[in-house]
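The values are calculated or read from the model by the stated rules, or taken from the named source; none is laboratory data. Owing to the predicted nature of the structure, the values given are computational and were not obtained by experimental measurement. Methodologically, a virtual Cβ is constructed for each residue, glycine included, from the backbone with ideal geometry; neighbour enumeration extends over all protein chains shown. Surface accessibility is based on the protein's heavy atoms, side chains included, excluding ligands, DNA and RNA. Shrake-Rupley method; radii C 1.70, N 1.55, O 1.52, S 1.80 Å.
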Amino acid sequence: MKLFSETFTLLENSLNYTTEKNRAISNNIANVDTPGYKAKDVVFKHVLEGEMNSLEAKRTNSRHIPFSNEGNSPYKTVMKQGTTYNHNGNNVDIDKEMNELVKNQILYQALVDRMGGKFRSLENVLKGGN
């Protein structure tokens, strides 16, 4: 028997995602002037898996990297490649990072508010609706 609904699990996973995304954004902002630093982002793993599943991949040699799903986190941190905004090889766009930070903080607060509402509803039920 499950004590809580799947909503709590979903909210918990979402809060974990926003926490990890905040960590990545903060690291990007902290390293805005670090030569050669490449910005990081946190993405949902199932999105990447969906894209990978649409590809037909065959290993033609045992030394090739296998196509497998490792780890059990629903998201992962990836390094942003292929861009350079600074002469020193750094690719952190401070305006974009600050914008992402604000959006992530708003999402985090909305999730906390929603989880608080779920707990208040549960508390109300336990008190008998009074």
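Table for the structure above
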{"item": "Net lengthening on full extension, Val43/Arg23 (0.36 nm per residue, minus Cα-Cα)", "result": "5.9 nm"}
{"item": "Gain upon complete extension [Arg59, Glu12; 0.36 nm per residue less C-alpha separation]", "result": "13.2 nm"}
{"item": "Solvent-accessible surface (1.4 angstrom probe) belonging to Met98, in square angstrom, nearest 10", "result": "90"}
{"item": "In Å², nearest 10: area of Val32 left accessible to a 1.4 Å probe", "result": "30"}
{"item": "Accessible area of Ser26 in the full protein assembly, 1.4 Å probe (Å², nearest 10)", "result": "50"}
{"item": "Ile106, Ile94, Ile25, reordered so the largest accessible area comes first (probe 1.4 Å)", "result": "Ile106, Ile94, Ile25"}
{"item": "Efficiency of FRET between Asp33 and Leu107 - r from beta-carbon atoms, R0 35 angstrom, step 0.05", "result": "0.80"}
